[in-house]
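Enquirer: Pasting in a structure now, in structure tokens, and then I'll have a few things to ask.
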Amino acid sequence: MEADETKNLDYLRKLTSFYFQTLKPIDAKAEENIAQIKFQNYLELGCVITDMLKLCILALEQDAHKISETNKSKSINVGLILETVLQLIPMDEFEFLSEINYLLSGDSTIKE
């Protein structure tokens with residue numbers, strides 16, 4: 001039984017190193033992590049930040065639809081916002097959780 005538990009623990013460590021890629025520890029002592037979002041350049045980063053702020057403004061104001069009518073440069077790039085949100089979804093971690101579920105049920109899909 002102990003050999004199986006050791007094997008499972010080693011397998012979980014292997015899965016963790018393979019799948020947990022979204023959050024990176026700041027340093028060995030800190031309990032905080034960093035998630036990186038990929039941008040082509042600073043302009044794209046600035047556009048995402050301003051579009052997120054505009055989206056918040058639109059959500060708060062009743063006359064928000066007038067922003068895009070009065071100034072086209074203030075329109076929100078929804079596609080860019082959605083692409084950024086997609087980058088925030090930790091799919092590798094979700095896959096890892098599925099692997100743990102399979103491992104615990106005895107149906108692992110990754111072979112050592």
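The values are calculated or read from the model by the stated rules, or taken from the named source; none is laboratory data. No experiment lies behind these values; they were computed from the predicted model shown. All Cβ positions, glycine included, derive from the backbone under ideal geometry; neighbour counts span all protein chains shown.
Enquirer: Which one is farthest from Glu95 (Cα to Cα), of the residues in the stretch 1-47 that are outside any loop (DSSP other than H, G, I, E, B) and among the hydroxyl-bearing types (Ser, Thr, Tyr)?
Expert: At the first step, the residues of the stretch 1-47 found to be outside any loop (DSSP other than H, G, I, E, B) are 2-19, 23-25, 33-35, 42-47.
Narrowing further to those that are among the hydroxyl-bearing types (Ser, Thr, Tyr): 6, 11, 16-17, 19, 42.
Details: Thr6: 22, Tyr11: 15, Thr16: 11, Ser17: 13, Tyr19: 7, Tyr42: 31 Å.
Going through the qualifying residues, I end up with Tyr42.
Enquirer: Sort out which residues of the stretch 9-35 are over 16 Å from Phe96 (Cβ atoms) and among the aliphatic types (A, V, I, L, M), and write them in order of number.
Expert: Filtering the stretch 9-35 for residues over 16 Å from Phe96 (Cβ atoms) gives 25-32, 34.
Correct list: Ile26, Ala28, Ala30, Ile34.
Enquirer: Of the conditions (1) in contact with a strand residue (DSSP E or B) (Cβ under 9 Å, 6 or more places away or on another chain); (2) surrounded by fewer than 10 Cβ atoms within 10 Å (Cβ to Cβ); (3) at pLDDT below 85, Glu32 fails just one. Which one is it?
Expert: Among (1) in contact with a strand residue (DSSP E or B) (Cβ under 9 Å, 6 or more places away or on another chain); (2) surrounded by fewer than 10 Cβ atoms within 10 Å (Cβ to Cβ); (3) at pLDDT below 85, the lone unmet condition for Glu32 is (3).
Enquirer: So, Gln40, is that one at pLDDT 75 or above and in contact with a strand residue (DSSP E or B) (Cβ under 9 Å, 6 or more places away or on another chain) or not? Before the answer, list the steps.
Expert: On the way: at pLDDT 75 or above: yes; in contact with a strand residue (DSSP E or B) (Cβ under 9 Å, 6 or more places away or on another chain): no.
Here the answer is no, as Gln40 does not meet what is asked.
Enquirer: Where the second residue is outside any loop (DSSP other than H, G, I, E, B) and surrounded by 11 or more Cβ atoms within 10 Å (Cβ to Cβ) and the first is touching a residue at least 40 places away in the same chain (Cβ under 8 Å) and lies in the stretch 26-48, which pairs have Cβ atoms under 7 Å and are six or more apart or on separate chains?
Expert: Ala35/Leu23; Ile37/Thr84; Ile37/Gln87; Lys38/Gln87
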